[in-house]
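Peer 1: Structure below; questions to follow.
Values in this text are rule-based calculations from the coordinates and carry no lab data. Bear in mind the structure is a predicted one, so any value in this text is a computation, not a measurement. Glycine also receives a Cβ, built like all others from the backbone with ideal geometry; neighbour counts cover every protein chain displayed.
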Ligand code: ATP
Ligand code: SF4
Ligand code: MG
């Protein structure tokens, strides 16, 4: 199918020069028309940074230090690099083409305004010529779309449950019929039930309205259930990407395998990633070679020496960055010497 967004070698840093933290490193990723792409990885792996970067909403000191984000307009024509858009193009792109619902966004609804006002404001901002009554009708329609009864239109945010507020945010994100909806879910483990509801709703809407979804979560099982394809991030890089069913059936990267088998402890507060020992890499002092090697149960000779590239291990439409699935690195004199 057709691509909507193509990330090519995207790099995002926080800070400049020596002090820079490389939070997203050389990411290649394609989002196809109408698909649900899941993005998973532990806290700090760079998921939000990737989402902020591709929409150019990075908070300082975030800077895009390389790459391209090609956007394919729905009306056809050549792809446009989001990173080179003018402010005016960017404003349009952000709401009307790709909308993003950030981590914790449901708390960003204005507490002193009714839901109806917040929705009609979004519509008015982009279609100033619309009449108040048509805006209200559209607001009702949008709420119905996300499964909220019209009688909640007059509610204030605090009168709604967390799940409903989240759905109001989705309604706002859909207000201008974007091609791409990006949802960045918080990593707190308790709201997995809510994440499931939201994702189910998005998938259903995607089928009716035909947009593409990027869903960001730490919960891989959720993605296996609802997404078409999954990309796994570790230390700012994508380490595996595959159709959801294949990733579930046969995860190739030991980190993906660990994430799939990470499960909450039976007792006590649910902690993230009970299944993978060790902790995520320090971006200021990345391990040499494969960033996962200090934690990898399958690490072998080349792993600490050289960083594996994201490559297709076979004819199937999937990629992985792991020496277990790539031809052994060519022996170089330098590496030989280092070993002896
Ligand atoms: P989570 O699952 O917790 O939301 P994430 O995968 O979204 O994590 P990011 O928030 O993208 O991760 O962070 C990636 C890395 O960038 C982390 O190591 C983080 O410490 C670093 N980082 C994020 N924001 C900043 C900032 N403003 N300044 C410096 N470093 C930052
Ligand atoms: Fe493990 Fe080596 Fe593969 Fe990295 S490259 S995931 S250390 S086996
Ligand atoms: Mg995040």
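Peer 1: Taking R0 as 41 Å, what's the FRET efficiency between residue 208 and residue 326 from their Cβ-Cβ distance, rounded to 0.05? Don't skip to the end; give the middle numbers.
Peer 2: Working: r = 41 Å, r/R0 = 1.00.
Approximately 0.50, to the nearest 0.05.
Peer 1: To continue, here is another question. Evaluate the distance, in nm, between pseudo-label points positioned 7 Å from the Cα of residue 90 and of residue 127 along their respective Cα→Cβ axes.
Peer 2: Computed distance between label sites residue 90 and residue 127 equals 2.7 nm.
Peer 1: Next up: Please find, in a Gaussian network model of the chain (springs between Cα atoms separated by less than 10 Å), the residue of 209, 247, 70 whose mean-square fluctuation is greatest.
Peer 2: 209
Peer 1: How high is the relative contact order of the chain, in percent, counting Cα pairs under 8 Å that sit 6 or more residues apart?
Peer 2: Numbers: 601 pairs, mean separation 64.8, N = 340.
Computed over the chain, the figure is 19 percent.
Peer 1: Roughly how tilted is helix 132-145, in degrees to the nearest 10 and between 0 and 90, from the longest Cα axis of the chain?
Peer 2: 50
Peer 1: Hey, what angle do you get for helix 115-126 against the long axis of the chain, alpha-carbon based, 0 to 90 degrees rounded to 10?
Peer 2: 80
Peer 1: Which of 254, 277, 78 moves most in a GNM of the chain, Cα contacts under 10 Å?
Peer 2: Largest GNM mean-square fluctuation: 78.
Peer 1: Related question: How far is helix 192-209 tilted, in degrees, relative to the longest principal axis of the Cα atoms in the chain, given as a value from 0 to 90 rounded to the nearest 10?
Peer 2: For helix 192-209, the angle is close to 70 degrees.
Peer 1: Another question, then. Tell me, what is the percent relative contact order of segment 85-185, built from C-alpha pairs under 8 Å that lie six or more residues apart? Can you show the working numbers first?
Peer 2: Details: 117 pairs, mean separation 49.8, N = 101.
Once normalised by length, the contact order is 49 percent.
Peer 1: Restricting to the chain, compute how many DSSP beta bridges are antiparallel as a %, nearest 5.
Peer 2: Numbers: 27 of 45 bridges.
Of those bridges, close to 60 percent are antiparallel.
Peer 1: Calculate how large, on average over all directions, the projected area of the Cα convex hull of the chain is; give the answer in nm² to one decimal. It would help to have the intermediate numbers written out before the result.
Peer 2: Numbers: hull surface 79.9 nm².
So the mean shadow area of the Cα hull is 20.0 nm².
Peer 1: Using Cα springs under 10 Å in a Gaussian network model of the chain, which residue among 71, 156, 255 shows the largest mean-square fluctuation?
Peer 2: Taking springs between Cα atoms under 10 Å, the residue moving most is 156.
Peer 1: Apply 1/(1 + (r/R0)^6) to the Cβ-Cβ distance of residue 113 and residue 134, taking R0 = 22 Å, and write down the FRET efficiency to the nearest 0.05. Walk me through the numbers on the way to the answer.
Peer 2: Working: r = 20 Å, r/R0 = 0.89.
So, using R0 = 22 Å, E works out to roughly 0.65.
Peer 1: Would you mind pulling out the separation of the Cα centroids of segment 146-205 and segment 83-138, in Å?
Peer 2: 15
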